[in-house]
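Accompanying notes for the structure given below.
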Amino acid sequence: MPLPEIPLITEKLLAAKKAKGLSFVDLEQIVGRDEVWLAAVFYRQASASEEEANKIVTALGLDASVIKELMSYPAKGLGDVVPTDPLIYRFYEIMQVYGMPIKEIIHEKFGDGIMSAIDFTLDIEKEEDPKGDRVKVIMNGKFLPYKKW
């Protein structure tokens with residue numbers, strides 16, 4: 001199955017970003033928010049405040065009508081599909097292979113609970129290596145123990 005259709009607002013934002021020659025790191029400096037979070041706003045996986053939306057629209061030279069769309073509540077997730085994009089699929093594959101080991105080790109270290117995806121940060125770093133550059137993904141979420149009642 002293919003990935004869900006990219007929203008028109010995402011296409012508009014990405015086209016404007018490309019036309020301006022901006023990267024998400026450039027927008028991070030302008031908006032004052034992390035590059036990954038900004039990309040999530042572009043793909044409608046996160047919502048911007050009015051101030052953040054204004055900064056994005058101004059930086060991209062877009063019409064003010066985009067502001068309300070950036071502030072609207074997002075519909076998160078990919079839906080009920082196995083991703084076919086090779087890069088996204090690798091993360092799916094990582095969870096297929098290492099999901100249960102990750103879960104077990106988190107439980108050993110923290111107890112019965114989950115890692116928050118709300119009180120959470122995600123950073124992507126490039127690590128130069130003579131054998132081929134490495135992608136470093138750092139997920140940092142608050143541990144949330146399950147309550148007993």
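Things worth noting here:
- Residue within segment 105-127 that is within 20 Å of Tyr146 (Cβ to Cβ) and of a type in the set (S, T, N, Q) present: yes
- Residue check for Ile56: surrounded by 15 or more Cβ atoms within 10 Å (Cβ to Cβ) and either assigned to a helix (DSSP H, G or I) or out of contact with any helix residue (DSSP H, G or I) (no Cβ under 6 Å at 6 or more places or on another chain) (or both): yes
- Hits in segment 84-121 (condition: touching a Pro at 6+ places or on another chain (Cβ under 7 Å) and surrounded by fewer than 12 Cβ atoms within 10 Å (Cβ to Cβ)): Thr84, Gly111, Asp112
- Residue-level check: of (1) over 21 Å from Leu122 (Cα atoms); (2) in contact (Cβ under 8 Å) with a residue 12 or more places away in the chain, Lys18 misses just (2).
- Residue count, segment 1-33 (criterion: surrounded by fewer than 17 Cβ atoms within 10 Å (Cβ to Cβ) and not in a helix (DSSP H, G or I)): 11
- Residue match in segment 95-102 (condition: among the aliphatic types (A, V, I, L, M), within 17 Å of the chain's Cα centre (by Cα) and assigned by TED's automatic domain parsing to the domain that holds Asn140): yes
- The sole residue among Gly99, Gly61 that is at positive phi and out of contact with any Phe, Trp or Tyr (no Cβ under 8 Å at 6 or more places or on another chain) is Gly61.
- When we screen Asp63, Asp34 for residues that are among the acidic types (Asp, Glu), farther than 22 Å from Ile138 by Cα and either over 15 Å from the mean Cα position of the chain (by Cα) or outside the structural domain of Ile138 (by TED's automatic domain parsing) (or both), the only hit is Asp63.
- Residue that is farthest from Ile9 (Cα to Cα) [pool: residues in segment 63-91 that are of a type in the set (D, E, K, R) and assigned to a helix (DSSP H, G or I)]: Arg90
The values are calculated or read from the model by the stated rules, or taken from the named source; none is laboratory data. Predicted model only: the values in this text are computed from it and were never measured. A quick note on method: Cβ atoms are made from the backbone with ideal geometry, for glycine too, and the neighbour counts reach across all protein chains shown.
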